[in-house]
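Below is one structure, written out as structure tokens, with a few remarks after it.
The values are calculated or read from the model by the stated rules, or taken from the named source; none is laboratory data. Computed from a predicted model, the values in this text were never measured in an experiment. Here the Cβ positions follow ideal geometry from the backbone for every residue, glycine too, while neighbour counts run over all protein chains shown.
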Amino acid sequence: MGHLRQSLIALAAAAILSGLSAPANAQKTLRAVMHSDLKILDPIWTTAYIVRNHGYMIYDTLFAADEKGEVKPQMVGQYEVSGDQLTHTFTLREGLLWHDGAPVTAEDCVASIKRWAAKDSTGQKLMTFVDSLTVKNDKTFVMQLKSPTGLVLLGLGKPSSNVPFMMPKRVAETDPNTQISEFVGSGPFVFKREEWKPGDKTVYVKFDKYKPRSEPASGFAGGKVVNVDRVEWRAISDHQQAINALLAGEIDFIEAPPHDLLPLAIGDSNVKLYDWNVLGNQFTFRPNWTAKPFDNPKVRQALIYAFNQKDFLEATVGDPKYYKLCNSYYPCGTAFFTEKGLEGKLNSDFKKAQELLKEAGYDGTPIVLMHSTDLQILANLAPVAKSLMEKAGFKVDMQSMDWQTLVARRSKKDPPNAGGWHAFLTSWVSVDITNPIFTGFMNAACDKAMFGWPCDEGMEKLRDEFARETDPAKQKAIAEQVQMRAAEVVTHLPLGQWYLGAVMRKNVDGMLKAPAPVFWNISLK
Amino acid sequence: MSIETLPAELVEGPPRRGRSLRLAARNSSVIIGTLIVVVLALLGVLAPLLDTLPPSEINPVFRNKKPGTERSIRDSSGEEKKYVHRFGTDSLGRDVYSRVLYGARVSLIIGVTVAVISVAIGLVIGLVAGYVRWLDGSIMRIMDGLMAIPTILLAMGVVSLSRAGLIAVVIAIVIPEIPRVVRLVRSIVLSIREEPYVEAAITVGTPTPLLLVRHVLPNTVAPLIVHGTFICASAILIEAALSFLGVGIPPETPTWGNIMAEGRSLFRVYPHNIFYPGLFLALAVLAINMLGDGLRDTLDPRFAKRV
Amino acid sequence: MIWPAMFSYVLRRVLATIPVMLIVAVLVFLMLRLTPSDPAAIIAGDNANTEQVADIRRRLGLDQPILTQFVIWLGKTLQGDFGESFFFKKQVAELISDRLEPTLSLACLTIVLAIAIAIPLGVLAAYRHGGWLDRAVMGFSVLGFSVPVFVIGYVLIYIFAIELNWLPVQGYQRLAQGVGGWLQRLILPSITLAVVFVALIARITRTSVLEVMNEDYIRTARAKGQTEPKVLIRHALANAAVPIVTVIGFGVALLIGGVVVTESVYTIPGLGRLTVDAVLARDYPTIQAVILLFSLAYVLINLAVDLAYTFLDPRIRY
């Protein structure tokens, strides 16, 4: 009797200790650690990249840029342009459904375009050309222009923040300055709201009724075929631990590992590095034109002579394999790349910078430089900026804060010593700054511009010309002039191009090269 | 009287005058502890003279170098000489050895400052609470409230009230420590009031300030010194935790805590960022705890081990 | 024990927690309202203008006088409505209930481990006073609370999870999904957190047992011929219980601080991490709710400790 009891107990103990859990699923789950945790779910309301990535999971777009950057139809089946280039007719392709089963209609698309255009600067610019946007029938809508513009496809196929995602009409009619509260899309994944635990994990499952295009996938375009059942975004904020978990097989994918830890990851035979964002990113310095002494163009010019790209790249990325010195506002590898206007600048010519400061009559006002401490790739930028600026003769008051605080503070126009700011540094995905319209920081419409509020009529005229131009060769010429103007008045400064691939386990296959990490086409071997 | 006091302060009897400092000075824990602390403090004070580089000098080209890396630098007279990064460099190219030595200053200053300020403020409030009966209740309720809020969370909250900086962090750590000091002082005051010689002094009409100075204060000295040393140790650790959570002192001013916090994600590839400051920090905290132990054993007979 | 006096004492102590919690509520509320950063601006987003920010401020009720805000918030809180998180688009109550299990699991396992390891260690050290074990225990314990928790964590992860591969690196598994996995993932975090407590409790145990071992009644028991283990356990430990219980009570404050750091290191989705995220994001409703909850837990545990005294030590009278 005792013997039997003993063995039963032993058996029970073994069963418990071996972790009898819910019956094992044959489900294929991709466990990913993204660069940030998802807290906001409205990709129109914010430009944050993590929300854009979320958008690409559950929403679809009318047009999409392929691997080469060419805009191809995605949700649109037929696209016609009238001879005078003023009437654009869009017809949706067959079989498009929302996650709740309802079919996608032209009304939904028109409402979505309007909401996107209200917030996005490219959309706003596009709308200045639009006379009317009307629904012709269930699947067709017409955009009537006042004058021709290349922004129609450029805008509707915009690859990065804000992406014109299509949402159901009832959702798209939410005020653009209020976050949406329903997350129904027509994209290849469904957002599992019940399983969403902010700060812990976000869950997506395959949308069975998604009808991919027939073309092969390329960039954001082509057929979006999902080969996994479930994708989980896990929030592991400790970078070291994320790598540890990847190596231990507890997760499959890390979107943006710190450069310093790459050797650790790549050294393991089960892990590989994959550069999905071939165009990389650009570090940017943004001065506040409304804060003395940055209202003086000579003082801003001094910055362009004080800085050099190498110091910033070395301090953040470190390994030359992952960065590129690119003296251009438009990233290297993009259509409008040019060095005109930046020759001889960004070379740390401290003497010239000091001269300019003297000419400008710089009185030693400390420059309030905001330093964000919690975003790993940005954390080392401000200290480098401070040291270079000081060598050039600036007095710098570097104030450390977390990114959220910085975001709140940069929207303030108060004087820097009373809650305002003089400067901060950030990073843009290359695809967001390929032309004068996409580049938010080039908007010099004074009060209507982005934080930093540059105010330059000349710049605005050039950008307007660019928007009106449809011929690519003429566009390039205007883009060059825009860069020269930007370097002269210093709307912002490009501080180097950098690249970062994802690290993933060897069995993760098929990730597409695109400016945002997308999870269709990926399979777990 | 309630037993809401520190573990070692179970009042078994009225406190007597402590034994002399000479006894304390002969206790081995006190000697070793003090020695280590003094050495660390000296390292901090003499940092500029100990072959160090400016602790916030960034050098992106030399980032993440292992300990022992040599390089040539131009010194103030323009001459080139060799410099060895004994503890390696961090992710911005700053010399870890220099930062650790300069960090000794800030970390120890934080410890001492927090201890002194919280003891001073706590003493005053505790005396008031013990003496002024009608304020006692409300003061103690507020102290209970403050104590109920977890230290780290309170500190995080206070730091987020203003810019992160030395003063903010000191205030943030002082505030949660005050209630315990208040309790300690108050319990001493209350127990002394019961003493016959104090009652006699009151009957005779001794003014309160004189009472406080002559009878109460001397009895608080020993326990407060002991408690103060433990606060000092605790403050250094809390500062490290705050730096780890991202709300500590900004990295231009090195502290052992923020050197470790900055280097934490490189632990497996460049462990020197955590190892060296961690070693110094552990040593300092250990020494201060030993010092406190020794002082408690000798100065405060209530806690003397009767073995 | 005299029941009416006991009962009134218990009642008094329980009632005394109410003003304390009220003060905590006031302190926390004030602390947040004094911050210079503006959650309305953060919520409004990058491109909002001042009008939109003002709108949001109105909607969140942030434009009302502070007293009104406080009263409204207090009223709602007492009804269990902790409001909606500024950032997570979820009810705070839901966020908290999600995170409760991991933190409770970690805390309980830590306490159990700490007591299970520390008390025997302390007793043994006292028993073999002056020997190598005694010195080792004292030495280890001072070390235990001299090293920051996250350093202990990284070292343990490196040794046991990476080099030896015995345990997972990070993460948390819900109890409902299997006890084995739940336990496996909690072992390293609990040990990391327990180190400080083992150090504290072992020392206090040793000291208390030593003090008591030389008491007259112990010598009497020895003289009576009762064997050593029985002497130790029955008399010494029972009388050392009071200080040990006190340490546990006062250690809860330490525990909460340690939980915050440990959850960050091991990626445990508990209340500690929630608080850190909320503080960094200036998410007032969440911060207020979590701090209140932690404070309540602390106050209740201390209440339990105080009440335990009356059972453990009849000498303590009120």
So the helices (runs of 4 or more DSSP H) completely within the stretch A:294-405 holding 3 or more residues that are in contact with a strand residue (DSSP E or B) (Cβ under 6 Å, 6 or more places away or on another chain) and within 21 Å of A:Gly452 (Cβ to Cβ) are A:381-391
A:Val396 vs. criteria without any contact (Cβ under 8 Å) to a residue 40 or more places away in the chain, surrounded by fewer than 24 Cβ atoms within 10 Å (Cβ to Cβ), touching a helix residue (DSSP H, G or I) at 6+ places or on another chain (Cβ under 8 Å) and β-branched (Val, Ile, Thr):
yes
Exception for B:Val181 within (1) surrounded by 20 or more Cβ atoms within 10 Å (Cβ to Cβ); (2) within 9 Å of chain C (Cβ to nearest Cβ) falls at (2)
How many residues are modelled with pLDDT of 90 or more and either part of a loop (DSSP other than H, G, I, E, B) or touching a Lys or Arg at 6+ places or on another chain (Cβ under 7 Å) (or both) if we restrict to the stretch A:446-473?
7
Could you check the stretch C:17-42 and list, in sequence order, the residues that are at pLDDT below 80, of a type outside the set (Asp, Glu) and touching a Lys or Arg at 6+ places or on another chain (Cβ under 9 Å)?
C:Leu32, C:Thr35, C:Pro36, C:Ser37, C:Pro39, C:Ala40, C:Ala41, C:Ile42
Candidates B:Val174, B:Val213, B:Val169, filtered to the one that is away from chain C (no Cβ under 14 Å), surrounded by 15 or more Cβ atoms within 10 Å (Cβ to Cβ) and either assigned to a loop (DSSP other than H, G, I, E, B) or out of contact with any Asp or Glu (no Cβ under 9 Å at 6 or more places or on another chain) (or both)
B:Val174
When residues of the stretch B:254-304 are filtered for being buried (at least 23 other Cβ atoms within 10 Å of the Cβ), at the interface with chain C (Cβ under 10 Å from one of its Cβ atoms) and not in a helix (DSSP H, G or I), how many remain?
1
Among the residues of the stretch B:144-159, are any surrounded by fewer than 22 Cβ atoms within 10 Å (Cβ to Cβ) and outside any helix (DSSP H, G or I)?
no
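Here's the yes/no breakdown for (1) within 12 Å of another protein chain (Cβ to nearest Cβ); (2) without any contact (Cβ under 8 Å) to a residue 12 or more places away in the chain; (3) out of contact with any Leu (no Cβ under 9 Å at 6 or more places or on another chain); (4) among the aliphatic types (A, V, I, L, M):
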site: C:Leu62; (1), (2), (3), (4): no, no, yes, yes
site: C:Phe70; (1), (2), (3), (4): no, no, no, no
site: C:Trp73; (1), (2), (3), (4): no, no, yes, no
site: C:Lys76; (1), (2), (3), (4): no, yes, yes, no
site: C:Phe82; (1), (2), (3), (4): no, no, no, no
site: C:Lys89; (1), (2), (3), (4): yes, yes, no, no
site: C:Leu95; (1), (2), (3), (4): yes, no, no, yes
site: C:Leu100; (1), (2), (3), (4): no, no, no, yes
Tell me yes or no: at least one residue of the stretch C:201-214 is assigned to a helix (DSSP H, G or I), within 12 Å of chain A (Cβ to nearest Cβ) and in contact with a Pro (Cβ under 9 Å, 6 or more places away or on another chain).
no
Subset of the stretch A:74-97 [touching a residue at least 24 places away in the same chain (Cβ under 8 Å) and under 22 Å from A:Ala516 (Cβ atoms)]
A:Gln74, A:Met75, A:Leu96
Every residue from the stretch C:162-176 that is surrounded by fewer than 22 Cβ atoms within 10 Å (Cβ to Cβ) and either within 14 Å of chain B (Cβ to nearest Cβ) or over 23 Å from the mean Cα position of the chain (by Cα) (or both):
C:Ile162, C:Glu163, C:Leu164, C:Asn165, C:Trp166, C:Leu167, C:Ala176
Which of the numbered conditions does A:Gly157 fail, given that it passes all the others? Conditions: (1) under 30 Å from A:Thr439 (Cβ atoms); (2) in contact with a helix residue (DSSP H, G or I) (Cβ under 9 Å, 6 or more places away or on another chain).
(2)
Within the stretch A:351-361, which residues are in contact with a helix residue (DSSP H, G or I) (Cβ under 6 Å, 6 or more places away or on another chain) and buried (at least 17 other Cβ atoms within 10 Å of the Cβ)?
A:Lys352, A:Ala353, A:Leu356, A:Leu357
Restricting the search to the stretch A:50-84, which residues are surrounded by 18 or more Cβ atoms within 10 Å (Cβ to Cβ), hydroxyl-bearing (Ser, Thr, Tyr) and in contact with a strand residue (DSSP E or B) (Cβ under 7 Å, 6 or more places away or on another chain)?
A:Tyr59, A:Thr61
For residues in the stretch B:114-145 being under 19 Å from the mean Cα position of the chain (by Cα) and without any contact (Cβ under 8 Å) to a residue 60 or more places away in the chain, which is farthest from B:Ile236 (Cα to Cα)?
B:Ala120
Would you confirm whether any residue within the stretch C:152-160 is of a type outside the set (A, V, I, L, M, F, W, C) and away from chain A (no Cβ under 12 Å)?
no
Could you go through the stretch A:194-201 and let me know if any residue there is more than 14 Å from chain C (Cβ to nearest Cβ) and touching a residue at least 40 places away in the same chain (Cβ under 8 Å).
no
Considering only the stretch A:370-392, how many residues are more than 20 Å from C:Leu280 (Cα to Cα) and in contact with a Phe, Trp or Tyr (Cβ under 7 Å, 6 or more places away or on another chain)?
6
Tell me which residues, restricted to the stretch B:225-236, are surrounded by fewer than 24 Cβ atoms within 10 Å (Cβ to Cβ) and over 8 Å from the mean Cα position of the chain (by Cα).
B:Ile225
Only residues that are in contact with a Pro (Cβ under 7 Å, 6 or more places away or on another chain) and β-branched (Val, Ile, Thr): list them for the stretch A:444-493, please.
A:Thr470, A:Val482, A:Val489, A:Val490, A:Thr491
Does A:Ser82 fit the bill of being more than 30 Å from A:Leu375 (Cβ to Cβ) and at pLDDT 90 or above?
yes
Going by what's in this entry, would A:Thr105 be described as modelled with pLDDT under 90 and either hydroxyl-bearing (Ser, Thr, Tyr) or surrounded by fewer than 24 Cβ atoms within 10 Å (Cβ to Cβ) (or both)?
no
Any chance the stretch B:100-116 includes a residue that's among the aromatic types (Phe, Trp, Tyr) and in contact with a Lys or Arg (Cβ under 9 Å, 6 or more places away or on another chain)?
no
Picked from the stretch C:269-318 (must be farther than 26 Å from B:Phe244 by Cβ and among the charged types (D, E, K, R)), the residue modelled with the lowest pLDDT is C:Arg317
Of the residues that make up the stretch B:66-86, is at least one surrounded by fewer than 22 Cβ atoms within 10 Å (Cβ to Cβ) and within 14 Å of chain A (Cβ to nearest Cβ)?
yes
Quick one: would you say A:Trp421 is in a loop (DSSP other than H, G, I, E, B) and in contact (Cβ under 8 Å) with a residue 60 or more places away in the chain?
yes
